[in-house]
Amino acid sequence: MNNIKYYYIALAAVLTLGFSACTDEVEYQGASPVAEDCIRASFTSDGGNYTVASNIQAITGITVTRENTTNEATVALRALPQSDSNFQIPASVTFAAGSATATFDIPFSGLEQEELYTFSVALDNSAVDSYSESVLASTTGYVLQEATWNTSLGQGIYASGAFGQAPCEVMQAEENARWVKCMTPFDSDYSIVIKINEDNSVRMRQQALVWANVGLAEPQLVNISIDHNYDGPYNNYDPETGIITMAMSYTCAAGSLGMFVDQVLVASGL
């Protein structure tokens, strides 16, 4: 890792009153209370990361709770702007009389496998106690639909510009023979998916590579993504040598760790 590059607001309020206001009594009006029939609904969690199989077409069991459980209640739902159009947010969720929880599903379609998508949904304001600090009036989740990795291309090598070389098994996707997955080259929890286009250019979403000491107080989760600002010999697959070459941006929670050239040897080729 020695070659990693590290790159009174003044508020004023003026209240102008006539001289008579000095002696007039002004009635204080507090904030409007929550309506008595408000069910005080909230999501149980703020989304999360969902990795689903290739045959799954819905995120299931999104849970909403409420404090006022006396009657049956239907709460309208709305998709927030950051929600991808691939998700069909239902119009509402219904609580049974006496029930403190209700669940709903979010169907989706048209997801390209091994890419990350976002859903974000909010409860209708009338069902939420906006004065509560603990309420979750909306929830955002991230969905990745996995490809089916059932064909081994044999032993390959992942050569990281930051961490050196590591042997790894290279898998091929059933859905697209030009998608490859380098199995856990540097960390037993993280594999790297690379997509090779028909013109032999390559692309990939941001992915975690390894937990590593990068000169900070604690180890950091290092993420990588292709930097498409580099042309020439970078970001392509050479079918004659079986080598993928990528200009890779390395980042962690503290920020950028620099750009490195990574290569993958696909020993048996595609």
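Considering only residues that are among the polar types (S, T, N, Q) and surrounded by fewer than 18 Cβ atoms within 10 Å (Cβ to Cβ), look in segment 186-206 and name the one that is nearest to residue 163 (Cα to Cα). First the steps, then the outcome.
First, pick out the residues of segment 186-206 that are among the polar types (S, T, N, Q): 188, 191, 197, 200-201, 206.
Among the residues that remain, those that are also surrounded by fewer than 18 Cβ atoms within 10 Å (Cβ to Cβ) are: 188, 197, 200-201, 206.
On the way: 188: 15, 197: 27, 200: 25, 201: 24, 206: 17 Å.
So the residue we want is 188.
Checking segment 69-81 against the condition returns no match, with no residue being under 27 Å from residue 193 (Cβ atoms), at pLDDT 95 or above and out of contact with any Leu (no Cβ under 6 Å at 6 or more places or on another chain). Residue-level check: of (1) surrounded by 14 or more Cβ atoms within 10 Å (Cβ to Cβ); (2) under 22 Å from residue 52 (Cα atoms); (3) of a type in the set (Ser, Thr, Tyr), residue 65 misses just (2).
Test of understanding: among 109, 134, which residue is at pLDDT below 95, surrounded by fewer than 13 Cβ atoms within 10 Å (Cβ to Cβ) and small (Gly, Ala, Ser)? Within the list 109, 134, the selection yields 134. Among the residues in segment 159-177, are any crowded, with 17+ Cβ neighbours inside 10 Å, part of a loop (DSSP other than H, G, I, E, B) and among the aromatic types (Phe, Trp, Tyr)? The answer is yes; a qualifying residue exists. Of all residues in segment 235-267, those satisfying the criterion of being within 27 Å of the chain's Cα centre (by Cα) and part of a loop (DSSP other than H, G, I, E, B) are 235, 253, 254. Assess whether residue 43 counts as being within 30 Å of residue 180 (Cβ to Cβ), among the hydrophobic types (A, V, I, L, M, F, W, C) and at pLDDT 95 or above. It is false that residue 43 is within 30 Å of residue 180 (Cβ to Cβ), among the hydrophobic types (A, V, I, L, M, F, W, C) and at pLDDT 95 or above.
The values are calculated or read from the model by the stated rules, or taken from the named source; none is laboratory data. Note that this is a predicted model, so its numbers are computed, not measured. So basically every Cβ, Gly included, is an ideal-geometry build from the backbone, and we count neighbours across all protein chains shown.
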